[in-house]
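Every number here is computed from the coordinates shown, using simple stated rules; none is lab data. Everything numeric here is computed off the predicted structure, so don't read it as measured data. Glycine gets a Cβ as well: all are built from the backbone with ideal geometry, and neighbour counts include every protein chain shown.
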Amino acid sequence: MSAPTVLVVEDDENLLQALRYSLSKEGYLVKTAQDGEQGLELSLSARPDLVVLDVMLPRMDGFEVCRLVRKESDVPILMLTARDEEIDRVVGLELGADDYVAKPFSMRELLARVKAMLRRSRMSSDSQARETTKLLRAGNLEIDLTGHTVSHQGRLLELRPREFDLLALLVSHPGRAFTREQMLQQLWGYDYIGDTRTVDVHIRWLREKLEEDPSHPRRIVTIRGVGYRFEG
């Protein structure tokens, strides 16, 4: 099996070289870009297994790169955001990023995130390759696990990859309450460090697409002090 390819899009030369060295030392093939336009081109042409993408980039910022990549590819995207800039993290997630690391970060943490994201992506691909068509149904909701599609009331929904995984997890276990930490560990592949709001953001998106009244959800319900549960 060939080594995974990681594309790093970062305009800070010192940080770029540090990332290249550390990722290469872990056995990854590393490609680099120092501006958004080059990063977008390589994201689509080089077909990397994962993209490490800075928010602040010349020629095209990381948000726009993320948005355009996500239109064409489900490649895992790890965004590098400024410290304490929560809006950067939320916007990145809304545009389709899978995870983020706030600067300054420890290289050990970033490498752990990269490893977990690649493992999760590989497991998902292997699972889909093994499965015959498998459907989950809950009333007027149907999830095709093989085709990676969701229909609600006969209408196909456009879900981000992590939204799909989260919905499939909940629908597979109707009536079971999951903590945010459990969902992060199962879907993101590691223990999230101190911030479980990623789950809340994805739950909000799902409710907006599935619930008649997202402010008073009846299907994906909040279990106070615990997490979330799907009502079959």
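Largest first, the three principal axis extents of the alpha carbons in region 131-230 are 38, 33, 22 Å in whole numbers.
Here the Gaussian network model covers the chain, with springs between Cα atoms less than 10 Å apart; of Ser45, Ser24, Ser121, Ser45 fluctuates the most.
The packing ranking, built from the mean of other Cβ atoms within 10 Å per residue, places the peptides 135-143, 212-220, 112-120 in the order 112-120, 135-143, 212-220, highest first. In this rough spin-label picture, where each label sits 7 Å from Cα along the Cβ direction, the Arg176-Ala112 distance is 2.6 nm. Out of every Cα-Cα pair that the chain contains, those further apart than 33 angstrom amount to 19 percent.
Screening the chain for DSSP H helices whose Cα atoms reach 15 Å or more along their own axis and whose mean Kyte hydropathy is at least 0.5 gives 161-172.
Each of Val6, Val221, Val55 was scored by other Cβ atoms within 10 Å of its Cβ. Arranged with the fewest first, they read Val221, Val55, Val6. Here the relative contact order of the chain, from alpha carbon pairs under 8 Å that lie six or more residues apart, stands at 12 percent.
At 25 °C and 0.890 mPa s, grab the translational diffusion coefficient of region 5-127 from Stokes-Einstein with a Kirkwood Rh over Cα pairs, rounded to a whole number in µm² per second.
Numbers: Rh = 14.1 Å.
Reported coefficient: 174 µm²/s.
Cross-link pairs exceeding 25 Å between alpha carbons, from the set Lys71/Lys103; Lys103/Lys209; Lys25/Lys103: Lys71/Lys103; Lys103/Lys209.
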